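S.K.: My structure is below; once you've seen it, I'll send some questions.
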């Protein structure tokens, strides 16, 4: 199989190497001519995934459209840059392709999920779109640590084809037809992970972290159900699984950003020092707006938004959550 990758961050590079190791030919596009030159010369991604050599079957291409000629095209660009990255690709270029998204986020302003964004820009039908998501830090997948994810699409047959393409003895893929739920789970968990990092920065304990994960999952499920997702999806790999790993792992960029905020640093200063994107920051804004639009109660998301964008002190936000009116514990 020939597979095109639009984006070569840590996750895109990891999966490109993974598919090449399985015997596929990979066409890999990275943003920036200088970075593409490094990838060609070094035959590894020293910026985002050092010490992971490229198999010979990975070719670096200079334009997104050159990767888009493949029968399977993987979108590996951070959410807020997808629209610009795809703008140079003719709208009919992906007419016969299976499009696999591995980014996790909601576009700022439009509040579109990536499947919705690509349906708008390139008429990608949900039957040809698959979201690959789950607890899968690139640093661990690249070294062959056993990892489980889910491939969700509007067509279960197409999701199964993607499942077969990516599955290996160390990378197990399940399938689902709840595309909306899998996209939302992968996006919204980053907001809760920011909050988990804030708790770590405040030196709060395991009790607090466990409560955050539990109540955060309740918020994700409540918002997802209102938007039309299957509530059961959020108990799976793209929901609870991804939520747990992103809230607890040292590899989590979103947890790291939150930790720095909890220690008293300002968001712009933290972001300026990072060479990778923490999708949860912009997703917090989008999630806050989605919940308000649909009248969904999301107290944790609201407080994260207040801390990141309104300057609220993290300890005050914690107090606000802890002193809310008591109520019956209900899932929805």
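Just so it is clear, none of the values below were taken in a lab; they were calculated from the coordinates. The structure presented is a predicted model; accordingly, all values stated were derived computationally and were not measured. Backbone-built Cβ (ideal geometry, glycine too); neighbour counts: all protein chains shown.
S.K.: Which value does Rg/Rh take for the chain over its C-alpha atoms, Rh per Kirkwood?
M.R.: Ratio of gyration radius to Kirkwood radius: 0.96.
S.K.: Rounding to the nearest 10 and keeping the result within 0 to 90°, find how far the Cα-based axis of helix 280-294 lies from the longest principal axis of the chain.
M.R.: So the inclination is approximately 60 degrees.
S.K.: Roughly speaking, what is the centre-to-centre gap between the stretch 307-332 and the stretch 24-73 when only Cα atoms are used, to the nearest Å?
M.R.: Cα centroid of the stretch 307-332 versus Cα centroid of the stretch 24-73: 44 Å apart.
S.K.: Rank the residues 129, 309 as a footprinting-exposure proxy: fewest other Cβ atoms within 10 Å of their Cβ go first.
M.R.: Least to most surrounded, the residues fall as 309, 129.
S.K.: While we're here: Could you give the nm distance between label points at residue 292 and residue 110, where each point is 7 Å from its Cα heading toward the beta carbon?
M.R.: That separation, rounded to one decimal, is 2.1 nm.
S.K.: On to the next question. In percent, what relative contact order does the stretch 181-322 have, based on Cα pairs under 8 Å that are 6 or more apart in sequence?
M.R.: It rounds to 33 percent for the stretch 181-322.
S.K.: I need the per residue convex hull volume for the stretch 1-87, using only the alpha carbons, in cubic angstrom as a whole number.
M.R.: Measuring per residue, one finds 79 Å³ for the Cα hull of the stretch 1-87.
S.K.: Using a 10 angstrom cutoff on alpha carbons, build the Gaussian network for the chain and name the most mobile of 65, 76, 159.
M.R.: 65
S.K.: Roughly what angle does helix 179-201 make with the longest principal axis of the chain, taking Cα atoms, 0 to 90 degrees, to the nearest 10?
M.R.: 50
S.K.: State the percent of C-alpha pairs, over all pairs in the stretch 1-147, separated by a distance greater than 29 angstrom.
M.R.: So the pairs more than 29 Å apart make up 11 percent of the total in the stretch 1-147.
S.K.: What nm distance separates the two modelled labels at residue 214 and residue 250, each placed 7 Å from Cα along Cα→Cβ?
M.R.: So the label points at residue 214 and residue 250 sit 2.8 nm apart.
S.K.: Please rank 194, 47, 217, fewest neighbouring Cβ atoms within 10 Å first, as an exposure proxy.
M.R.: 47, 217, 194
S.K.: Let me ask something additional. Specify the residue with the greatest mean-square fluctuation among 274, 322, 86, computed from a Gaussian network of the chain linking alpha-carbon atoms under 10 Å apart.
M.R.: Result: 322 has the largest fluctuation of those listed.
S.K.: Further question: Kindly put 312, 327 in sequence by how many other C-beta atoms sit within 10 Å of each C-beta, fewest to most.
M.R.: Ascending number of Cβ neighbours within 10 Å: 327, 312.
S.K.: Quick one: among 37, 105, 224, which has the greatest mean-square fluctuation in a GNM of the chain with alpha-carbon springs under 10 angstrom?
M.R.: 37
S.K.: Between the stretch 144-165 and the stretch 206-252, what's the alpha-carbon centroid distance in Å?
M.R.: Using only Cα atoms to place each centre, the spacing works out to 20 Å.
S.K.: Sketch the reach of a paramagnetic label on residue 1 as a point 7 Å from Cα along Cα-to-Cβ, and name the residues of the stretch 89-121 whose backbone nitrogen lies under 15 Å away.
M.R.: 97-102, by backbone N distance to the label point.
S.K.: Could you calculate the contour length gain from residue 272 to residue 174, that is, 0.36 nm times the residue separation minus the distance between their Cα atoms, to one decimal place in nm?
M.R.: Net length gain for the segment: 31.6 nm.
S.K.: Sticking with this one: Which whole-number percentage describes the relative contact order of the chain, with Cα contacts under 8 Å and a sequence gap of 6 or more?
M.R.: Value for the chain: 14 percent.
S.K.: Using only the C-alpha atoms of the stretch 181-322, find the volume of their convex hull and express it per residue in Å³.
M.R.: Here the figure is 94 Å³ per residue.
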